[in-house]
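Undergrad: Before we start, here is the structure in question, set down as structure tokens.
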Amino acid sequence: MGNFFSSMFDRLWGVNKELRILILGLDGAGKTTILYRLQIGEVVTTKPTIGFNVETLVYKNLKLNVWDLGGQTSIRPYWRCYYSNTAAVIFVVDSTDKDRIATASKELHMMLQEEELQDAALLVFANKQDQPGALSASEVSKQLNLVELKDRSWSIVASSAIKGEGISEGLDWLIDVIKEEQL
Amino acid sequence: MSTHTYKKFEETESGVLPDKMTVYQDCLNEFNESPVNPRRCRTLISRLLQLLAQGETFPKSEATTLFFSVSKLFQQPNDSLRQMVYLAIKELSSISDDVLMATSSIMKDIQNGSDVIKPNAIRSLTRVLDESTAFSAERLLKSAVVSKHPSISSAALVSSYHLLPVAESTVKRYMNETQEVVSDLKTYPYTNGSSEFYPNSTYIAQYHAIGLLCMLKNHDKVALMKLVQQFSTGNLLKNQLAQVELVKLVGELLHKDPQMVTQFAALLSNWLSSKFESVQLQAAKLITSLPDRYVSPELFAAAVQTLQALLSVPRVTTRFAAVRVLNRISMTAPEKIVVCNPELESLINDSNRNISTYAITTLLKTGTSNNIASLIKTITKFIHEISDDFKIIIIDAVRTMCLKFPEEWKSLLDFLINVLKQGEGGFQFKNSIVEALFDLVQFVPQSKEVALENLCDFIEDCEFNEILVRILHLLGKEGPTTKNPSLYVRHIYNRVVLENSIIRSAAVVALSKFALVKNDPTLVESIEILLRRISNDVDDEVRDRATIALQLIESIKSEPQLYVAQDILQCKYSYDLGALESKLNQYMSANEDTYKTPFDVASVPKYTEDERKAIELKKRQEQLFAAPTSKRSGAASQSVDAEKNNSSYVGPTLQEQGEDLMITKYADEIASIEEFKGFGPIINTSKDIPLTETEAEFVVTGVKHLFKNHVVLQFNITDTLTDVALDNVSVVCTPEIENSTELEEVVTIPIERLMPSETSVCYVAFKKSEGNIMEGFLNTLYFTTRELDPNTHEAFEGDEGFQDEYEIDSIFLTAGDYIKGAFVGNFSACFDELPHSEVAVYNIKENISLQDIVDRLVVNTSCLPLENTQFAPSDSNTHTLKLFGKSVMSGARIALVVRMIKSSKGIALKAEGRSDDAQLCGDIVNELM
């Protein structure tokens, strides 16, 4: 009987519900590294992702279903196949790659226009802060035109997946927002 | 899920397919749930797979949507669900776009997944990879190949095999690892006591590795040889399939280069005594399929002995395979497997009908005239218990026996009649029996009357129109010349009374032919009465035919010297149907103007009854010979069906048809040349004779055309050079005997310009005196070479070119060119009856087989070999060849009996010829070689 009640509570608080989170961004931004930093807390050697990686992790009592989709030009068109039921999008930007930040901005805004992502929260990681010449978070934010986003909770966090900096801060913010808005 | 709903999904046995769209919708809904229910998903995938396995398919867009939904299941870390996901990806990969999206997830599983799902993951990986992504899988596949787990290693090897067409270079990079697998005996890693109940390993990875290696080294003979050497030593190969694969590899090597048989002989005989039946079989099959002259008799005998032993093993499949190989040998060399006869005879009553049928057909081939009768008796006992397909195989075997042992016609006929009258069996089966009987009637004259009488009985109760009509036609054709024609008239008239209009029409035609019977006026009269009665028939066609027949009979009576009516009633000639068809096609496809002139039937070759029989017999003989050879070169695993088609195929072989058409084509070309208009019709045309090596600069073949008073030599010249054209190509033919008066050159038609890789024709015509002129011609090609501009393929301006000549082989006009093969039912009677005789003796020093001599004689004389003497037995040193033909000029008959003996010094021939024409007889007999 106790079991029954606890599962009732779980359902009430949405603990048993899995939250879908997508990690998107251009190729080489560090998406896969962030995913495994989240899951096993270590830096793994990665190859360019052909397709996607998916991992389930529990963070602050929430079950997260994190999808890391490949960022190569050829794979980007398939992102949309995985948009449905998405609670939040983590967009990763390579802060040192000034040449392609415009491309990243374009992809980001195009993605956010999708119907299925209207309710999704957005967390941007200005990644690779450990590298010299990296743009700061505010600079990235400016380049991505984030201020233009209306009707959406968003945040930008400077991070370094290699050193593990900024990742949990960003995720904490994201979880708070999701709990507030969707549960 | 309740048991009720669960059951609903498990309908695999009932054969009822789940609804396609329901499955599609359920899959989409269920797979996009969060969280997913693994068990429900598994059931859904299994329903999806069931649909796909039954041949259902989805449109590309739906399949792609399905694929993406399935890919979402990767979030579920459940091994059994993951296995299903891999199966689904494998199936969907061929009908869906964008399957590469699963690549990373699959690779992760191959790297970190559990051993249970690894093999599945590896197998589906090859389906999603393409040329550009394959290299990224190299390291994964390599480590999977060397994995200690046999299933993982096998999966990687087999997948690599499938990856070859996509990315061969990637697979090549772990060739060494693949090679190591063969010697690395992998066992299943059982942890607890279960290894007592399961085999440790089948070592199947060895088989897969050898298969992959063979493909990788496909083009490297030396590497393959090394492979065989390496793996055949010691007791390395534990897996029987691996051993079979090795035998097959040796087989491939030997078929490319049969010289190496001696090198492998020890190995092959070793395999013949392998502990695995399949290896024994494969080795025996290989040895017996190699060309005779390369295999030592001892080795062949050992192979046959192995097969013989396998005939009495308990395993049905082995017995079947062994008897099948023996059956194949029996087609070419029945004498070599006579030793197996006792075993084969015991297999006649095998409970497996396929085996017993093969045993019977083999026995029929190995049979001698002594045991035919007893064989036939055994067959009669069980033929009704087997399926129609096998019955037809047996009937076909019996049919070839009819030609092989004409003297045994009685028991064969009895058998055929017997099975024909037993009511069972479909059209195909009955038709094959009737075909066999037709052969008997045509080629074994002694059997004619008995066969016809029995056919008469048969048509009294026959349900197949086609067969009935054919039999009626045969009765009409053969009946009037029998001793007692009136007997058949009764049977035929019964059909008119009892059957439908199609058969009635056929019966009328048959009936009318009896009106031509000489010296029996009462019969003719009764026929007329019958026909008159029929002309009141309700059916138009029947009435018309009867009326026409009456008219014709009337006209024969009033004007017996006119043969037109007789020819219409009882045709003496039949047209060459192939030629007729091509002529008619030509006529129809030409422009309107040609319709003004009526179609000229005279241009189509006609055959008399005897000629037609000769052609048919020749075809049968060639079929007998050709069937096994074509099978040998074809795929080794041919189904019974294919063999059946092969042997019951009656039409001309493709090549032969080509030859016939060639001759018609040549005739047309010659007819269109102004200079030859006065020569009259072509009497005979030879086959193409090569006059140069096929790889020469200029390839020339010659054709001889005979006219009444002329000879035309046709030279087909091909320029194989790429940058030189030839101008004014002519052939100068010098008769071997100079100043011969009998031949006088009339005209040469040169080729104006022969462009590279083109073929053109040059003619040289001679006037000859009447009679058979024999002559050899020394031939030289004369031409002017012109260099071509490689860019424009035009001759250079101002290039004069230079004169050149090119010697080609001689062409001989021989006695054989004046002969056409003909058929005669009773050779020895005919031989004795011919007035002029001639004897000649030859000694041939060359080291060739009797069969080669026989083949050469048949070509040289252009006669038709009779009484199955065209096959020289390979186990005997003597042979007698019987040839028969007719002169194309005078129609004189010629019969030849050639006795030959092979000794260590060579082959001695004694030819005895008989003919209507002494001159012809001498020419032929003295010009055999």
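The values are calculated or read from the model by the stated rules, or taken from the named source; none is laboratory data. Note that the structure is predicted; figures quoted are calculated from it, not measured. All Cβ positions, glycine included, derive from the backbone under ideal geometry; neighbour counts span all protein chains shown.
Undergrad: Give me the pairs, please: first residue somewhere in segment B:304-318 and touching a residue at least 24 places away in the same chain (Cβ under 8 Å), second residue anywhere and assigned to a loop (DSSP other than H, G, I, E, B), beta-carbon distance under 7 Å, and either six or more positions apart or on two chains.
TA: B:Val316/B:Asn352
Undergrad: Looking at segment B:733-772, which of the residues that are under 15 Å from B:Leu706 (Cα atoms) and surrounded by 18 or more Cβ atoms within 10 Å (Cβ to Cβ) is modelled with the lowest pLDDT?
TA: Result: B:Asn772.
Undergrad: Okay, moving on. I'm told B:Thr784 meets every condition in (1) within 41 Å of the chain's Cα centre (by Cα); (2) not in a loop (DSSP other than H, G, I, E, B) except one. Can you identify the failing condition by its number?
TA: Among (1) within 41 Å of the chain's Cα centre (by Cα); (2) not in a loop (DSSP other than H, G, I, E, B), B:Thr784 violates only (1).
Undergrad: Regarding segment A:60-80, can at least one residue be identified that is more than 14 Å from chain B (Cβ to nearest Cβ) and more than 27 Å from B:Thr64 (Cβ to Cβ)? Spell out the reasoning first.
TA: Here is the first cut: in segment A:60-80, the residues more than 14 Å from chain B (Cβ to nearest Cβ) are A:60-61.
Next cut, more than 27 Å from B:Thr64 (Cβ to Cβ) only: A:60-61.
Looking through segment A:60-80, at least one residue is more than 14 Å from chain B (Cβ to nearest Cβ) and more than 27 Å from B:Thr64 (Cβ to Cβ).
Undergrad: Moving to a separate point now. Within segment B:148-159, identify whether any single residue is away from every other protein chain (no Cβ under 14 Å), surrounded by fewer than 18 Cβ atoms within 10 Å (Cβ to Cβ) and in contact with a His (Cβ under 8 Å, 6 or more places away or on another chain), and answer yes or no.
TA: no
Undergrad: Then there's this: Inside segment B:668-686, can you point out the residues that are more than 21 Å from B:Asn585 (Cα to Cα) and in contact with a helix residue (DSSP H, G or I) (Cβ under 7 Å, 6 or more places away or on another chain)?
TA: B:Phe676, B:Ile682, B:Asn684, B:Thr685, B:Ser686
Undergrad: As an exercise: evaluate B:Tyr666 against (1) in a loop (DSSP other than H, G, I, E, B); (2) touching a residue at least 12 places away in the same chain (Cβ under 8 Å) and give the number of the one condition it does not meet.
TA: The one condition B:Tyr666 does not meet is (1).
Undergrad: A further question follows. Being without any contact (Cβ under 8 Å) to a residue 12 or more places away in the chain and either buried (at least 21 other Cβ atoms within 10 Å of the Cβ) or not assigned by TED's automatic domain parsing to the domain that holds B:Lys186 (or both), is that true of even one residue in segment B:275-285? Outline the logic, then answer.
TA: Looking only at segment B:275-285, we keep the residues that are without any contact (Cβ under 8 Å) to a residue 12 or more places away in the chain, and these are B:275.
Imposing the further condition that a residue be either buried (at least 21 other Cβ atoms within 10 Å of the Cβ) or not assigned by TED's automatic domain parsing to the domain that holds B:Lys186 (or both) reduces the set to B:275.
Scanning segment B:275-285 turns up at least one residue that is without any contact (Cβ under 8 Å) to a residue 12 or more places away in the chain and either buried (at least 21 other Cβ atoms within 10 Å of the Cβ) or not assigned by TED's automatic domain parsing to the domain that holds B:Lys186 (or both).
Undergrad: Based on this model, can you work out whether B:Asp855 counts as under 27 Å from B:Asn877 (Cα atoms), among the acidic types (Asp, Glu) and either out of contact with any Leu (no Cβ under 6 Å at 6 or more places or on another chain) or part of a strand (DSSP E or B) (or both)? Give the steps one after another, and end with the answer.
TA: Values: under 27 Å from B:Asn877 (Cα atoms): yes; among the acidic types (Asp, Glu): yes; either out of contact with any Leu (no Cβ under 6 Å at 6 or more places or on another chain) or part of a strand (DSSP E or B) (or both): yes.
Criteria met by B:Asp855.
Undergrad: For residues in segment B:125-143 being within 13 Å of chain A (Cβ to nearest Cβ) and of a type in the set (Ser, Thr, Tyr), which is farthest from B:Ser80 (Cα to Cα)?
TA: Among them, the one singled out is B:Ser132.
Undergrad: What number of residues within segment B:492-526 satisfy the criterion of being out of contact with any helix residue (DSSP H, G or I) (no Cβ under 7 Å at 6 or more places or on another chain) and closer than 13 Å to B:Cys462 by Cβ?
TA: The total comes to 4.
Undergrad: Okay, next question. Tally time: how many residues in segment A:39-59 are at the interface with chain B (Cβ under 7 Å from one of its Cβ atoms), of a type in the set (Ser, Thr, Tyr) and closer than 23 Å to B:Ser132 by Cα? Give the steps one after another, and end with the answer.
TA: Here is the first cut: in segment A:39-59, the ones at the interface with chain B (Cβ under 7 Å from one of its Cβ atoms) are A:47, A:49-54, A:56.
Filter once more, keeping what is of a type in the set (Ser, Thr, Tyr): A:49, A:56.
Subsequent filtering for residues that are closer than 23 Å to B:Ser132 by Cα retains A:49.
Summing the residues that are at the interface with chain B (Cβ under 7 Å from one of its Cβ atoms), of a type in the set (Ser, Thr, Tyr) and closer than 23 Å to B:Ser132 by Cα in segment A:39-59 gives 1.
Undergrad: Say whether the condition of being assigned to a strand (DSSP E or B), closer than 30 Å to B:Pro681 by Cα and touching a Cys at 6+ places or on another chain (Cβ under 6 Å) is met by at least one residue in segment B:909-918.
TA: Restricting attention to segment B:909-918, the residues satisfying the condition of being assigned to a strand (DSSP E or B) are B:909-915.
Applying the additional criterion that residues be closer than 30 Å to B:Pro681 by Cα yields B:913-915.
Still in the list and also touching a Cys at 6+ places or on another chain (Cβ under 6 Å): B:913, B:915.
Scanning segment B:909-918 turns up at least one residue that is assigned to a strand (DSSP E or B), closer than 30 Å to B:Pro681 by Cα and touching a Cys at 6+ places or on another chain (Cβ under 6 Å).
Undergrad: Mind checking which residues of segment B:35-80 are over 19 Å from B:Lys108 (Cβ atoms) and among the acidic types (Asp, Glu)? So that I can check it myself, show each step before the final result.
TA: Of the residues in segment B:35-80, the ones over 19 Å from B:Lys108 (Cβ atoms) are B:35, B:37, B:39-66, B:69.
Those that are over 19 Å from B:Lys108 (Cβ atoms) and among the acidic types (Asp, Glu): B:Glu56, B:Glu62.
Undergrad: Is it true that B:Gln422 is surrounded by fewer than 19 Cβ atoms within 10 Å (Cβ to Cβ) and modelled with pLDDT of 80 or more? Can you show your working first?
TA: Working: surrounded by fewer than 19 Cβ atoms within 10 Å (Cβ to Cβ): yes; modelled with pLDDT of 80 or more: no.
It is false that B:Gln422 is surrounded by fewer than 19 Cβ atoms within 10 Å (Cβ to Cβ) and modelled with pLDDT of 80 or more.
Undergrad: Can you tell which of B:Val182, B:Val228, B:Val146 is within 30 Å of B:Ala283 (Cα to Cα), over 34 Å from the mean Cα position of the chain (by Cα) and of a type in the set (Val, Ile, Thr)?
TA: Values: B:Val228 fails: over 34 Å from the mean Cα position of the chain (by Cα); B:Val146 fails: within 30 Å of B:Ala283 (Cα to Cα).
Answer to the check: B:Val182.
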